[in-house]
Amino acid sequence: MLVDGSINRLLQDLNEAKAKENNIKLKPYDTQNIIPLLKSENPMLGQVYSKVLQMVNYTLWSNLKGLSASKKRGRGRTIGHIRFKGYGWYNTQNYNQSGFKLDQDHSILRLSKIGAIRIKLYRKMEGCIKAIIIKRDGKRWFAIVQADQAPRPLPKTEEAIGLDVGLNSFVVDSDSNSIENPRFAEQSSKKLAKLQRKLARAQKGSNNRRKIKDKVARLHKTINCRRDNFLHKLSRTYVNAFDIICVEDLDVKGLKENDNNHGMHRSIHDASWSKFIFMLSYKAQSAGRKLIKVDPRNTTQKCSACGSIVKKDLSIRVHECPYCGFSCDRDYNASRNILFSGLEQPVAPIESNPLHHISVMQVLAMKWEAAPFRTR
Ligand SMILES: [Zn+2]
C-alpha cells in the first residue's frame, strides 16, 4: 500500500534524529510537517487522503509512546524498536471524521481519493459515524465503522426478567423460555479440520497454501459473524421487552464453576456469554433499561419457590424440592433466583411451567426491531 513508504520515512527520520544523539527531539508536529515533503518526493502519496497520512503519523507516535512507556516500566522484558514496515505490512487506513461517506441504502462506501466501493453491510449502522477504518485481512478488505450513538430511551414496559446462561441452553429465562445454544463452530468443525489437513500438506510459500489459508480465515470470520448476529438479536429482544434484566456476575461464576468437564467448547461458550452480557449492558444503557448483575452464589441450589437449599451436582438437570414439592428445570429455577436476587425480593411460589423452546433459527429470523417472545 501507498502508506508503507510514508510510515517508513517517518520512522527513518525519527531514528536518524535519535542515532545522531544531537539533542534534536522530533515531535509529532515535525513528522506531520514531513508529509508535504514526502508527497512532493512521491507523487503517488498524493493519492492517499491527507487525513489518512495524518493518522499514520498519529499511530506511529502513539506506538512510540507505548514503547517508551513499557521501556520505563522495564519488568525485565526486552523491548525492541518499532520495525520498519515492508511492503504490504501496513494494512490499515484510518479515515477520521471526514473523507468518507457511507450510503447504507445502496451498500456503497465512498472514500476520498479511492472512490466508490460496493460493500456488504452486516447490519445497519446507527448513530453519527465518527471514523471508518479500512483493514485488510488476507485477501479481503473490511471497513470498521465507529459511531457515536445517542441514547434512545424506549417506553417503559414495567417488566423484569432473570436470565441464566448455561451450556445446555444458551439462556433460560424466568418467563420459562429456553434459548437453544448455537453451535456455529461445531457445525463447521469438519470443514475446518479438512482445510487444516490440506494446509498441513500444502507446500510452504506456495500459492495453493495461501489460498487455503485464506479459506480458513474466511471460515473463522463467517462463524464469528453468525455468532455475533445471534447475540445481537437475542440481546436486542430482551432489552426491548424488559425494563430490568438480571444476570449472574460471570466474573464470580467463572471461579465458582471452574471445572474441566466441558473441554474445549467451554471457552467458546465463555466468550459468547461475556459478549452477550456486554451487548445487553450497552443496549440497556442506550435504551434507559437496567442491567443488574447478581452474586451467583446459590442461584442453582436455592429453591425459587420456598428458599430452601437443595444441593445438586452438575449432572442433575431437574430441581426437585423435598421441602415444598416444587419441581422444575434446573436452569429455570436458577433464572427465577437471579430475578429475585436482582430485584432484592423474596422467593415466591409458582406453578411449574414446561419450558418454551426457542431455536437458534427462530432467534436469527427475528427482525432488528424484534418483538419479544412471550409465553405468558
Ligand atoms: Zn422449595
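The values are calculated or read from the model by the stated rules, or taken from the named source; none is laboratory data. The shown structure was predicted, so the numbers you read here are calculated from the model rather than taken from an experiment. Reconstructed Cβ throughout: ideal geometry from the backbone, glycine too, with neighbour counts over all protein chains shown. Accessible surface is based on the protein model in full, side chains and every heavy atom, while ligands, DNA and RNA are left aside. Shrake-Rupley method; radii C 1.70, N 1.55, O 1.52, S 1.80 Å.
Of the residues making up the range 167-194, those that are in a loop (DSSP other than H, G, I, E, B) and surrounded by 19 or more Cβ atoms within 10 Å (Cβ to Cβ) are Ser174, Asp175, Ser176, Pro182.
Residues checked against (1) more than 14 Å from the ligand (Cβ to nearest atom); (2) part of a loop (DSSP other than H, G, I, E, B); (3) among the aliphatic types (A, V, I, L, M); (4) in contact with a Lys or Arg (Cβ under 6 Å, 6 or more places away or on another chain):
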| position | (1), (2), (3), (4) |
| --- | --- |
| Ile277 | yes, no, yes, no |
| Ala284 | yes, no, yes, no |
| Ala305 | no, yes, yes, no |
| Lys312 | no, yes, no, no |
| Tyr323 | no, yes, no, no |
| Tyr332 | no, no, no, no |
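For Ile338, the stated conditions do not hold, so it cannot be described as at pLDDT 95 or above and within 13 Å of the ligand (Cβ to nearest atom). Restrict the check to the range 69-92 and report whether at least one residue is at pLDDT 75 or above, assigned to a strand (DSSP E or B) and within 30 Å of Arg210 (Cα to Cα). The answer is no; no qualifying residue exists. All of Met361, Met366 fail the test of being touching a helix residue (DSSP H, G or I) at 6+ places or on another chain (Cβ under 6 Å) and away from the ligand (no atom under 16 Å from the Cβ), apart from Met366.
In the range 286-303, which residue that is part of a loop (DSSP other than H, G, I, E, B) and not hydroxyl-bearing (Ser, Thr, Tyr) is nearest to the ligand (Cβ to nearest atom)? Reasoning before the result, please.
Within the range 286-303, the subset part of a loop (DSSP other than H, G, I, E, B) is 288-289, 295-301, 303.
Still in the running and not hydroxyl-bearing (Ser, Thr, Tyr): 288-289, 295-298, 301, 303.
Details: Gly288: 36, Arg289: 31, Asp295: 20, Pro296: 19, Arg297: 18, Asn298: 13, Gln301: 11, Cys303: 3 Å.
Filtering first and then ranking leaves Cys303.
I need the full set of residues from the range 139-166 which are under 20 Å from Lys283 (Cα atoms) and open to solvent by less than 20 Å² (accessible area, probe 1.4 Å), in order please.
Passing the criteria: Ile161, Gly162, Leu163, Asp164, Val165.
Only one entry of Ala143, Ala131, Ala185 meets the criterion of being in contact with a helix residue (DSSP H, G or I) (Cβ under 8 Å, 6 or more places away or on another chain) and farther than 21 Å from Asn240 by Cα, and that entry is Ala185.
Within the range 334-361, which residues are free of Cβ contacts under 8 Å to residues at least 60 places away in the same chain and within 28 Å of His232 (Cβ to Cβ)? Give the derivation first.
Kept after step one, since they are free of Cβ contacts under 8 Å to residues at least 60 places away in the same chain, are these residues of the range 334-361: 344-352, 361.
If the condition is that a residue be free of Cβ contacts under 8 Å to residues at least 60 places away in the same chain and within 28 Å of His232 (Cβ to Cβ), then Met361 is the only one that fits.
What's the total number of residues in the range 312-333 that are free of Cβ contacts under 8 Å to residues at least 24 places away in the same chain and polar (S, T, N, Q)? Let's see the steps before the verdict.
Restricting attention to the range 312-333, the residues satisfying the condition of being free of Cβ contacts under 8 Å to residues at least 24 places away in the same chain are 312-313, 315-316, 318-323, 325.
Still in the running and polar (S, T, N, Q): 315.
Total meeting the criteria: 1.
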